[in-house]
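The structure appears below as structure tokens.
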Amino acid sequence: MKMCSLLSLMAFLTLPGLPAEAGGTNQVTIDNFSFTPQTLTVPVGTKVTWINKDDVPHTVTGDDKHFVSRALDTDQQFSFTFTTSGTNNYYCSVHPMMTGRIIVR
Amino acid sequence: METDNDRIECDIENDGVDRRGFLKCMAWAGTGMLWTMTGGVLASKILSPMTAAAAESPVGDFTFVQISDSHIGFAKEPNKDVIATLKQAIAKINALPAAPDFILHTGDLSHLSAPEEFDTLDQLLKSTRTGKIFYVPGEHDVLNDSGKQFRERYGKGSKGDGWYSFDHHGVHFIGLVNVMNLKPGGLGFLGPAQLDWLKDDVAPLSDSTPIVVFAHVPLWTIYPQWGWGTDDSGQALAMLKRFGSVTVLNGHIHQVQQKVEGNVSFHTALSTAFPQPQPGTAPSPGPMKNVPAGKLGSLLGVTRVNFVQGQKSLAIVDSTLAGS
């Protein structure tokens with residue numbers, strides 16, 4: 001019985017392509033004029049969601065304009081799916097001292 | 001430094017314009033911030049013997065008002081009613097003994113660049129007792145459309161992203177836009193096209209022409225960690241170095257900060273919507289939330305600027321909504 005459970009557990013852990021939960025490792029929180037986490041590393045094909053918890057509007061603007069959000073008021077969100085590997089620097093076009101980075105592997 | 005200082009009415013020391021006398025005047029006006037200076041800053045009522053002749057023709061003197069950061073559409077702590085506080089500011093302007101010739105709004109008219117926010121602001125400002133109102137955009141006014149709506153509403157006759165100049169009683173006013181095309185990790189930004197325009201704009205002016213520059217983000221570096229500065233303002237200021245009197249009026253930081261450097265006086269205005277913390281005193285420059293009940297008015301306000309013919313510096317008087 002124990003061996004059976006252990007084997008099941010191991011099988012479960014080695015299953016590839018488990019979808020990440022929403023609100024978990026694919027989320028960037030915007031608050032206090034910062035992107036948190038400032039650097040987020042995700043696998044190719046991940047949809048990243050930014051949510052603004054600050055009390056002023058912010059944007060998510062890729063440095064090369066590859067992804068550009070509208071201005072996000074408090075509690076508004078923006079999502080983008082990263083389909084190629086690489087480093088994506090971005091910033092808030094309203095408060096440009098706010099910068100972040102999505103590393104796609 | 002100044003050889004032609006005027007005496008301020010309330011300078012009981014009788015030793016010329018000095019910090020103490022100025023502060024006394026400012027206490028009367030309800031100003032909250034120290035003004036440190038090296039040149040003469042003068043109240044509009046008093047003229048020195050050297051300019052007594054000018055007193056005979058006061059037609060050259062005038063007053064205007066700067067308001068800033070009305071953020072129509074904002075409704076969070078510490079101010080759930082920015083319309084009410086703007087109305088108080090307008091009442092304060094309308095209570096001035098003489099109507100100001102015009103008003104400069106140094107940006108962040110709206111909070112989210114929404115059409116209804118601009119409409120509301122326009123409606124409210126209609127009741128202001130003044131001549132014209134001039135505007136420059138803040139970063140909150142150019143969201144999503146690179147400022148197209150702002151320019152349509154407030155930028156008639158402006159160039160490029162909305163810069164322009166005008167003359168009033170011999171003073172040259174320059175409205176600059178430093179909230180467009182902001183670079184990642186950068187501060188405010190004027191850009192080469194605007195700088196080229198500025199160079200041509202001031203070229204025909206004599207060095208004795210008083211200059212007033214107004215723009216949203218401070219044109220000097222106050223606190224770069226919070227974006228309080230303009231990356232290429234040095235180039236603009238270099239073009240203005242030859243002028244004997246330059247006044248720079250900004251907003252954006254929702255508090256009064258001032259500096260004098262040679263012939264240039266820098267000043268930022270209070271907001272009519274919400275205060276922001278002083279540099280480094282909070283984790284971020286967002287709205288100050290812990291404002292005790294009844295204290296909000298003392299952290300908001302308007303600025304009155306007096307120009308007196310023949311005087312080098314303009315007299316800048318900040319008044320809060322709480323004061324007289």
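A few remarks follow.
- Spans of strands (runs of 3 or more DSSP E) in segment B:202-319 with at least 2 residues of a type in the set (A, V, I, L, M) and buried (at least 16 other Cβ atoms within 10 Å of the Cβ): B:211-214, B:246-250, B:301-307
- Matching residues in segment A:57-105 - criterion: being touching a residue at least 60 places away in the same chain (Cβ under 8 Å) and either part of a strand (DSSP E or B) or hydroxyl-bearing (Ser, Thr, Tyr) (or both): A:Thr99, A:Gly100, A:Arg101, A:Ile102, A:Ile103, A:Val104
- Per-region count, segment B:115-133, residues surrounded by fewer than 17 Cβ atoms within 10 Å (Cβ to Cβ) and either part of a loop (DSSP other than H, G, I, E, B) or in contact (Cβ under 8 Å) with a residue 60 or more places away in the chain (or both): 4
- Criterion (at pLDDT below 95 and not aliphatic (A, V, I, L, M)) met by exactly one of B:Gly73, B:Gly107, B:Gly131, B:Gly138: B:Gly131
- Filter pass, B:Lys183 being within 12 Å of another protein chain (Cβ to nearest Cβ) and touching a residue at least 40 places away in the same chain (Cβ under 8 Å): yes
- Check on B:Gly186, in a loop (DSSP other than H, G, I, E, B), surrounded by fewer than 22 Cβ atoms within 10 Å (Cβ to Cβ) and not acidic (Asp, Glu): yes
- Extreme residue, surrounded by the most Cβ atoms within 10 Å (Cβ to Cβ), among residues of segment B:88-114 that are without any contact (Cβ under 8 Å) to a residue 40 or more places away in the chain and part of a helix (DSSP H, G or I): B:Ile90
The values are calculated or read from the model by the stated rules, or taken from the named source; none is laboratory data. The shown structure was predicted, so the numbers you read here are calculated from the model rather than taken from an experiment. FYI the Cβ positions are ideal-geometry reconstructions off the backbone, even for glycines, and counts take in every protein chain you see.
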